[in-house]
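Where a number appears in this text, it was derived from the coordinates with a stated rule and is not lab data. This is a predicted model, so every value here is computed, not measured. Here the Cβ is made from the backbone with ideal geometry for all residues, glycine too, and neighbour counts use every protein chain on show.
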Amino acid sequence: MPESAQQLHIDPLPDFQPEIRKARLADVGDMYRIINHYAEKQLMLPKTQLQLYEYLRDYSIAVDPSAPSRTLGCGALHFYWENLAEIRGLAIAPEMAKKGVGTALVKRLLIEAKDMGIEQVFVFTYEPKFFGRFGFVQVEHSTMPLKVYNECFNCPKFNSCDEISMVLHI
């Protein structure tokens, strides 16, 4: 395991190892379908194709190494300023849940954050146990800088947010 992954307290992956790469324009359709599958179940916020195109450079995707055109999941690392970033839009194809794809994506995003000099990564999530495995800890929403709420103002749950706020100091 790379030194930076060990320092981040990341559990080793199971035998299946997806390939993780930066998202491409051709990946947006699959990303849209996977993310909005969970959004329909109220498990994450929906994304439009326009949003995915606008933030495409933030996204990495997991693909099956034996079938590289098969998208297994996606996740984004969005930078707010020199020392703060958010992991967002993390979604795994339903048939690949609990097979290490999400772990592989988060590992890659955290290493990317560390390589960029980010000191703190945060998430808003319904899966605190999953992110806790990486060392994220729950914090009150009110402790987050106001800047992180920029997109929250347009959310239908803005006044009644039920997501859990978590941070990791790298």
- Item | Extension gain (nm, one decimal) between Asp64 and Glu40, 0.36 nm per residue minus Cα-Cα | 6.1 nm
- Query: When you count, for each residue, the other Cβ atoms within 10 Å and take the mean per peptide, how do 71-77, 18-24 rank with the highest first?
  - Reply: 71-77, 18-24
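Order 29-38, 61-70 from most to least packed using the mean count of other Cβ atoms within 10 Å. Working shown, then result.
Numbers: 29-38: 18.0, 61-70: 14.4.
For the peptides 29-38, 61-70, the packing ranking is 29-38, 61-70.
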- Message: Spelling out what I want: for every residue of segment 98-113, take phi, set θ = phi - 60°, compute 6.51 cos²θ - 1.76 cosθ + 1.60 (Karplus), and round to whole Hz; glycine and proline get x.
- Response: 6, 10, x, 5, x, 4, 4, 5, 5, 3, 5, 5, 5, 5, 4, 4
- HN-Hα couplings for segment 91-96 via Karplus (6.51, -1.76, 1.60; θ = phi - 60°), in whole Hz with x for Gly/Pro, come out as 8, 10, 3, x, 6, 10
